[in-house]
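The values are calculated or read from the model by the stated rules, or taken from the named source; none is laboratory data. Computed from a predicted structure; not experimentally measured. When we count neighbours, we look across all protein chains shown, and the Cβ atoms used for this are built from the backbone with ideal geometry, even at glycine. Just so you know, the surface numbers come from the protein's heavy atoms only, side chains and all, with ligands and any DNA or RNA stripped out. Shrake-Rupley method; radii C 1.70, N 1.55, O 1.52, S 1.80 Å.
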Amino acid sequence: MAEKIISREKENFIKRCAKGIGYWLMGSFMCFCICSTMVVLMKGVLLLKIFVALCTSAIMLGLYFNWAYYSAKRDRNAVKFHKMEYDRFMPLKMAIAAPIVSYVMLILLYLCKLGTIHESFFSYYLFFDMWILPYITLFTGERVISAVSWSGMFGITIVTLLQPAVIYLTYTLVYNDVDVAGLVFYKNGNKRK
């Protein structure tokens, strides 16, 4: 059924970005529900912290995967069947636009760590990037910026940068007709029916 995604007109980039931010919002809400119910249980149980971190990552990155996957299919079909012009910067634009809130929050987090912004900002960061909370609990048991080391900040940066990596790679591979879903979910991508 997904193979029938054929577009006669180019999708508006602003609309596409709004969809991406909508996916971020939906993922943040789902991660908030998981983290708020698990926050008490995560104290002191390392395996549970790792499990919740993997769950929140699967939610957030999975939603971005879905968005990039169907956007790339739509664009590929529009170029292939309707002779639309291909925007070779589209994966980069999407990778920058959708997780923009995470980028802004990460920059503000670094300013908070440097002391430019008050320490209370850390609570806002955790609220707006809830999917990172389980990773932060792996780095420190406290929820104050002074408890997060610089190596923890580096880890938070790497986890945050997984978002654009997933978007960019998914879009590029799907646009180039690589069966990403088959590679991810099946041992041999050609066995998918």
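If I filter the range 65-84 for residues that are β-branched (Val, Ile, Thr), outside any helix (DSSP H, G or I) and farther than 24 Å from Phe32 by Cα, do I get at least one hit? Before the answer, list the steps.
Taking the range 65-84 as the starting set, the residues that turn out to be β-branched (Val, Ile, Thr) are 79.
Filter again for outside any helix (DSSP H, G or I), leaving none.
No.
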Pick from the range 62-121, criterion surrounded by 20 or more Cβ atoms within 10 Å (Cβ to Cβ), more than 22 Å from the chain's Cα centre (by Cα) and of a type outside the set (D, E, K, R), ranking: modelled with the highest pLDDT: Cys112
Among the numbered criteria (1) surrounded by 15 or more Cβ atoms within 10 Å (Cβ to Cβ); (2) over 14 Å from Leu61 (Cβ atoms); (3) modelled with pLDDT of 90 or more; (4) not acidic (Asp, Glu), which single criterion is violated by Thr157? (1)
Within the range 122-140, tally of residues that are open to solvent by 60 Å² or more (accessible area, probe 1.4 Å) and more than 15 Å from Val52 (Cα to Cα): 4
Taking the range 36-59 and keeping residues closer than 30 Å to Glu11 by Cα, in contact with a Pro (Cβ under 9 Å, 6 or more places away or on another chain) and not small (Gly, Ala, Ser) leaves Thr56
Between residues in the range 18-35 that are at positive phi and at pLDDT 90 or above and residues that are surrounded by 15 or more Cβ atoms within 10 Å (Cβ to Cβ) and aliphatic (A, V, I, L, M), which pairs lie under 6 Å by C-beta distance while being six or more apart or on different chains? none
For the range 34-49, which positions are over 21 Å from Ser102 (Cβ atoms) and open to solvent by 50 Å² or more (accessible area, probe 1.4 Å)? Thr37, Val40, Leu41, Lys43, Gly44, Val45, Leu46, Leu47
Name the pairs: first residue in the range 132-155 and without any contact (Cβ under 8 Å) to a residue 12 or more places away in the chain, second residue assigned to a loop (DSSP other than H, G, I, E, B), Cβ to Cβ under 6 Å, at least 6 apart or on different chains? Ala147/Thr140
Close pairs (6 angstrom Cβ cut-off, 6 or more residues apart or separate chains): of a type in the set (Val, Ile, Thr) in the range 42-62, open to solvent by less than 30 Å² (accessible area, probe 1.4 Å) and assigned to a helix (DSSP H, G or I) anywhere: Val52/Pro134; Thr56/Cys31; Thr56/Trp131; Thr56/Pro134; Ile59/Gly27; Ile59/Cys31
Specify the residue that is nearest to the chain's Cα centre (by Cα); the eligible residues are those in the range 131-174 that are over 17 Å from Asn66 (Cα atoms) and of a type in the set (Gly, Ala, Ser). Gly155
